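Working notes, structure below.
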Amino acid sequence: MRAVIMNKPFEMEVGHWETPQPGVGQVKVSVRAAGICAGDMYFYLGKNPYAVYPQVCGHEIAGIITEVGPAVTDLEPGMPVVVEPFIGCGQCYPCRVGKSNCCVNLQIIGVHIPGGYAEYVIAPATHIHRIPAGLSLSSASFAEPVAIGVQGCRRGQVSAGEDVLILGCGPIGLALIEVAKARGANVLAADISPHRLETAARFGAETFLVKDNFMQTILNRTNGEGVPVVMEATGSPQAMEQSVDLVAAGGRIVILGLVKQGVTVNLPGLDFTRKEMTIVGSRASVNCFPAALQLLADGSITYPQIATEFSLWDAPQVFANLAEHPGKIDKGVLVIN
Ligand SMILES: [Zn+2]
Ligand SMILES: [Zn+2]
């Protein structure tokens, strides 16, 4: 089959890759849309420590089932579906307690095993979700990033009527904004980039440019109390440290941003008891795809509207371009027509 092959950092080509066949419990999907994620970009830039080359990337995948393997009962060829890319081992402690997103042997389609930048992809039937009627394949490929927003909001127990501050308006921050709004929260969003804040405002967030008096601005906005829920989606240690000062006493902090390996975050120890804050991490998603697809189908999520579509076979030029001009587009989706 034709595939976009990442041979090594900065070397991507359209070439031939062996067509995969579905084994027991597996499904073969004809790819129609595959999002470009920061993770794919890291693979391209040689910044993903788990990357093994050559590889077919792409983990935000929507397509049509073309074949099902033995023992697959509830799925059949012709169904439009999305692929949930995180495959747990089922054996380790997090898998046993239903947190396969933290599996210690996690396999990700498009990172550890071939992904969606190809004509076909194979996935376990357990990781296939049917696309609700009326939702396009291109929009459905947003199920993965939206699911990350669902997971973050569940971890933070975001509920109606409360203020939620989202630090960072990149792809994850934007997903968080719309999911939090769909849950009825008042969303405050902060970033250092005015352009990103424009997009955040379009999604209905009250926006704040991070500059010298940012902390005071947020405290003033919340009558000096701080924010009930702070969600950190920048990966910057400084932003994580700030979240402890920004959160209200009794509030919750959700950390989604990835800090570089080996980097330490300093937190004021006394505040843990003084504020009795809850700090939780949030990694990828587990059991969030159905909710994400529903939010996309019912129009709560408008994220796909800011995407730029490219032909999958133009991926080498698209990646080279994005590597040189990182902020050029808000979100890219590669499609096969
Ligand atoms: Zn992604
Ligand atoms: Zn596991």
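What number in nm² do you get for the range 147-281 if you take the convex hull of its Cα atoms and divide its surface by four?
Mean projected area of the Cα convex hull: 7.6 nm².
Measure nothing fancy, just the Cα-based angle from helix 237-246's long axis to the longest principal axis of the chain, in degrees from 0 to 90, nearest 10.
So the inclination is approximately 50 degrees.
May I ask what percent, to the nearest 5, of DSSP beta bridges between residues of the chain are antiparallel?
55
Can you put 138, 243 in order, fewest other beta carbons within 10 Å first?
Working: 138 18, 243 26.
Starting with the residue having the fewest Cβ neighbours, the order is 138, 243.
Give the calculated FRET efficiency between residue 202 and residue 13 to the nearest 0.05, with a Förster radius of 51 Å applied to their Cβ-Cβ distance.
Taking R0 as 51 Å, the efficiency between residue 202 and residue 13 is 0.90.
Based on alpha-carbon centroids, what's the gap between the range 257-332 and the range 119-171 in Å, whole number please?
10
Any idea what % of Cα-Cα pairs in the range 221-337 are farther than 24 Å?
Distances greater than 24 Å cover 51 percent of the Cα pairs.
Give me the angle, in degrees from 0 to 90, between the Cα long axis of helix 171-182 and the longest principal axis of the Cα atoms of the chain, rounded to the nearest 10.
The answer is roughly 70 degrees.
Please label the shape of the chain as rounded, prolate or oblate, based on the square roots a ≥ b ≥ c of the eigenvalues of the alpha-carbon gyration tensor (a/c under 1.5 means rounded; beyond that, a/b larger than b/c means prolate, else oblate).
Verdict is prolate for the chain.
Going by amide H atoms built from the backbone, whose H comes under 5 Å of the H on residue 186, apart from near neighbours?
Those lying under 5 Å, H to H, from residue 186 are 161, 162, 163, 164.
Among 172, 113, rank each residue by its count of other Cβ atoms within 10 Å, from fewest to most, as a rough exposure measure.
Final ranking by Cβ density, sparse to dense: 113, 172.
When only Cα pairs under 8 Å and 6 or more residues apart are kept, what is the percent relative contact order across the chain?
On the way: 777 pairs, mean separation 59.7, N = 337.
RCO, the chain: 18 percent.
So if R0 is 30 Å, what FRET efficiency would residue 225 and residue 306 give, r being the distance between their Cβ atoms, rounded to the nearest 0.05?
So the FRET efficiency works out to roughly 0.35.
Got a sec? How would 271, 163, 330 order by Cβ neighbour count within 10 Å, fewest to most?
Fewest-to-most ranking of 271, 163, 330: 271, 330, 163.
In whole Hz and in residue order, list the ³J(HN,Hα) couplings for the range 288-295 that follow from phi through the Karplus curve 6.51 cos²θ - 1.76 cosθ + 1.60, θ = phi - 60°; x for Gly and Pro.
10, 4, x, 5, 5, 5, 5, 4
Given 5 Å bins starting at zero, what is the percent of C-alpha pairs of the range 4-129 in each, up to the one with the largest pair distance?
P(r) over the range 4-129, rounded to whole percents: 2, 12, 20, 22, 19, 15, 8, 2, 0.
Which value in nm describes the separation of the simple spin-label points at residue 76 and residue 47, placed 7 Å from the Cα toward the beta carbon?
4.6
Please list, in order, the residues from the range 31-56 whose amide nitrogen is less than 19 Å from a point placed 7 Å along the Cα→Cβ vector of residue 323.
Residues 36-56 qualify, since their backbone N sits under 19 Å from the label point.
Read-outs throughout are calculated quantities, based only on the coordinates presented, and are distinct from any laboratory measurement. Computed from a prediction, not measured in an experiment: that's the story for all the values here. Heads up, the Cβs are rebuilt from the backbone with ideal geometry, glycines too, and the neighbour counts pull from every protein chain shown.
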